[in-house]
Amino acid sequence: MSLYVQNGEEEKACEVFLQSRKVGIEPAYLMVSTALGFRERVFKEMTRMISVTWNAMIRRYTHQGHHDMALALFEEMSSGNGETTPNYVTLVCVLSACSRAGAVQKGMDIFKSMRARFGIEPRPEHYACVVDLLDVPGW
């Protein structure tokens, strides 16, 4: 799979991954997810979700300019329906998404709720995201 990805053939890598799952082979999630660039198709097929997987997908959406998708994925992760809850890295990713989307109020609401909602103390990375968030023109 990694060779397919390295040669720009991500679709073939996805197919190998999905076929291996059909026959009962569960590749190491972190390695496979990283190698495939956290493709949405593979992400949706995963049976065991870990915070690294969620965070990487949120970050990928943000990087590609799909801020609404990043925020929706964060809401899904933080809804409490899954086996994984947001961690401090998740909050950095989602605050960055808010900043890039110009969603100042949403970002500030998330930042203000970190302690109460997730039990996460803000770190310098979170404050840096808030500074970036408040640097949005017109705020």
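The values are calculated or read from the model by the stated rules, or taken from the named source; none is laboratory data. The structure presented is a predicted model; accordingly, all values stated were derived computationally and were not measured. Glycine gets a Cβ as well: all are built from the backbone with ideal geometry, and neighbour counts include every protein chain shown. Just the protein is used for accessible areas: all its heavy atoms, side chains included, with ligands, DNA and RNA removed. Shrake-Rupley method; radii C 1.70, N 1.55, O 1.52, S 1.80 Å.
Please enumerate the residues belonging to the stretch 116-126 that are assigned to a helix (DSSP H, G or I) and farther than 11 Å from L91 by Cα.
Here is the first cut: in the stretch 116-126, the residues assigned to a helix (DSSP H, G or I) are 116-118, 124-126.
Passing the criteria: A116, R117, P124.
Residues checked against (1) within 18 Å of R59 (Cα to Cα); (2) open to solvent by 30 Å² or more (accessible area, probe 1.4 Å); (3) among the hydrophobic types (A, V, I, L, M, F, W, C); (4) modelled with pLDDT of 90 or more:
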| site | (1), (2), (3), (4) |
| --- | --- |
| V94 | yes, no, yes, yes |
| S99 | yes, no, no, yes |
| A103 | yes, no, yes, yes |
| G107 | yes, no, no, yes |
| G119 | no, yes, no, yes |
| P122 | no, no, no, yes |
| H126 | yes, no, no, yes |
| V130 | yes, no, yes, yes |
| W139 | no, yes, yes, no |
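Here the condition is being open to solvent by less than 60 Å² (accessible area, probe 1.4 Å) and over 21 Å from V131 (Cα atoms); of T90, T84, T62, it holds for T84 alone.
Test T90 against the criterion of being closer than 20 Å to R117 by Cβ, modelled with pLDDT of 90 or more and either polar (S, T, N, Q) or not in a helix (DSSP H, G or I) (or both), and give yes or no. The answer is yes for T90.
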